[in-house]
Amino acid sequence: MTALLGPAAVRDIAGRLGIRPSKRLGQNFVIDPGTVRRIVTLADLRPQDVVLEVGPGFGSLTLGLLAAVRRVIAVEVDRGLAAELPHTVAALAPGLAPRLDVVTADAARVASLPGEPPAALVANLPYNVAVPVVLHLLAAFGSLERGLVMVQAEVADRMTAPPGSRVYGVPSVKLAWYASARRAGAVPRAVFWPVPNVDSGLVAFARRPPPAAGASREEVFAVVDAAFAQRRKTLRAALAGWAGTPAGAERILRAAGVDPGARGESLTVADFARIAGAR
């Protein structure tokens with residue numbers, strides 16, 4: 001069985017490197033081997049998979065992933081952590097070291113990756129950038145078929161909320177453009193260092209074709225942004241700026257088969273696609 005990092009090992013590496021977790025980067029590191037094993041199991045990985053990991057940090061999850069798949073591409077924005085990760089893997093699991101590629105980059109901006117493209121995303125995502133990172137990676141890497149990400153519990157609720165839910169909004173709709181998503185479990189605060197002030201949750205997703213539309217993704221997302229900018233307004237009012245006038249919005253909505261008196265929170269991603277295509 002591959003050795004995994006516990007609390008003492010993580011703090012030892014941090015002390016040796018002089019690294020203190022950064023609030024700006026949203027760094028909360030997993031220090032519980034049991035949680036790592038749980039994530040790897042829930043991610044439904046296959047031995048032949050190439051996995052993309054974002055924010056590997058000290059390598060807690062990386063070690064678990066390397067033991068389960070053919071290759072891991074770890075994208076880390078912190079240069080010190082990125083430089084140390086191969087040494088950690090070589091020390092604890094030398095036989096797995098050739099399976100690791102480390103990319104020092106901002107995952108919200110990365111546009112290319114070395115070697116064979118990844119099929120799965122598995123990551124403990126920084127709370128402050130979780131949704132933009134997931135959406136960017138799904139847009140940039142069409143090879144990503146599925147994934148499991150750990151995010152703030154509140155963000156997990158928004159990412160997986162169905163239409164009509166109180167927390168259904170822009171993240172829910174935009175993620176639904178790419179994939180079906182569901183909550184895959186809760187994660188207690190105590191498994192992190194430092195201990196965060198919020199609970200965490202796991203979100204599993206599986207890519208699916210986007211809804212048919214006579215409009216681009218960017219055009220559909222512009223409708224989504226406008227509809228939720230003032231979510232208490234009816235679509236006729238909320239989309240007036242996007243359409244040019246309230247009357248123009250009503251005309252487009254009726255052409256798309258959507259009630260102008262409805263609100264954005266009641267619409268599916270397919271509804272938004274029809275609206276964009278009817279403009």
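The values are calculated or read from the model by the stated rules, or taken from the named source; none is laboratory data. Note that the structure is a prediction, hence the values are computed from the model and not measured. Glycine gets a Cβ as well: all are built from the backbone with ideal geometry, and neighbour counts include every protein chain shown.
Name the single residue that is modelled with the lowest pLDDT among those in the range 197-232 being assigned to a loop (DSSP other than H, G, I, E, B) and either surrounded by 15 or more Cβ atoms within 10 Å (Cβ to Cβ) or among the hydrophobic types (A, V, I, L, M, F, W, C) (or both). Break it down into steps so the answer makes sense when it comes.
If we filter the range 197-232 for residues that are assigned to a loop (DSSP other than H, G, I, E, B), which is where we start, we get 197-199, 208-216, 230-232.
Filter again for either surrounded by 15 or more Cβ atoms within 10 Å (Cβ to Cβ) or among the hydrophobic types (A, V, I, L, M, F, W, C) (or both), leaving 198, 210-213, 215.
Details: VAL198: 89, PRO210: 95, PRO211: 94, ALA212: 88, ALA213: 81, ALA215: 95.
The extreme case among them is ALA213.
Being hydrophobic (A, V, I, L, M, F, W, C), closer than 17 Å to ILE13 by Cα and buried (at least 17 other Cβ atoms within 10 Å of the Cβ) is the filter here; which residues of the range 75-123 pass it?
Passing the criteria: LEU81, ALA82, LEU85, VAL89, LEU92, ALA93.
Take the conditions surrounded by 21 or more Cβ atoms within 10 Å (Cβ to Cβ), at pLDDT 95 or above, more than 16 Å from LEU52 (Cα to Cα) and out of contact with any His (no Cβ under 8 Å at 6 or more places or on another chain) and apply them to ALA161. Does it pass?
yes
Can ARG274 be described as loosely packed, with under 15 Cβ neighbours inside 10 Å, part of a helix (DSSP H, G or I) and at pLDDT 95 or above?
The answer is no for ARG274.
Test GLY248 against the stated conditions and say whether it is over 24 Å from PRO171 (Cβ atoms) and free of Cβ contacts under 8 Å to residues at least 12 places away in the same chain.
Against the criterion (over 24 Å from PRO171 (Cβ atoms) and free of Cβ contacts under 8 Å to residues at least 12 places away in the same chain), GLY248 qualifies.
Which of the following residues is in contact with a Pro (Cβ under 9 Å, 6 or more places away or on another chain), surrounded by 15 or more Cβ atoms within 10 Å (Cβ to Cβ), over 21 Å from PRO132 (Cα atoms) and assigned by TED's automatic domain parsing to the domain that holds ALA140: GLY64, GLY55?
GLY64
Of all residues in the range 233-263, which are basic (Lys, Arg), surrounded by 14 or more Cβ atoms within 10 Å (Cβ to Cβ) and more than 25 Å from VAL167 (Cα to Cα)?
Answer for the range 233-263, where residues must be basic (Lys, Arg), surrounded by 14 or more Cβ atoms within 10 Å (Cβ to Cβ) and more than 25 Å from VAL167 (Cα to Cα): just ARG251.
Going residue by residue through the range 13-34, is there one that turns out to be within 21 Å of ALA204 (Cα to Cα), touching a strand residue (DSSP E or B) at 6+ places or on another chain (Cβ under 7 Å) and part of a helix (DSSP H, G or I)?
Among the residues of the range 13-34, not one is within 21 Å of ALA204 (Cα to Cα), touching a strand residue (DSSP E or B) at 6+ places or on another chain (Cβ under 7 Å) and part of a helix (DSSP H, G or I), which makes the answer no.
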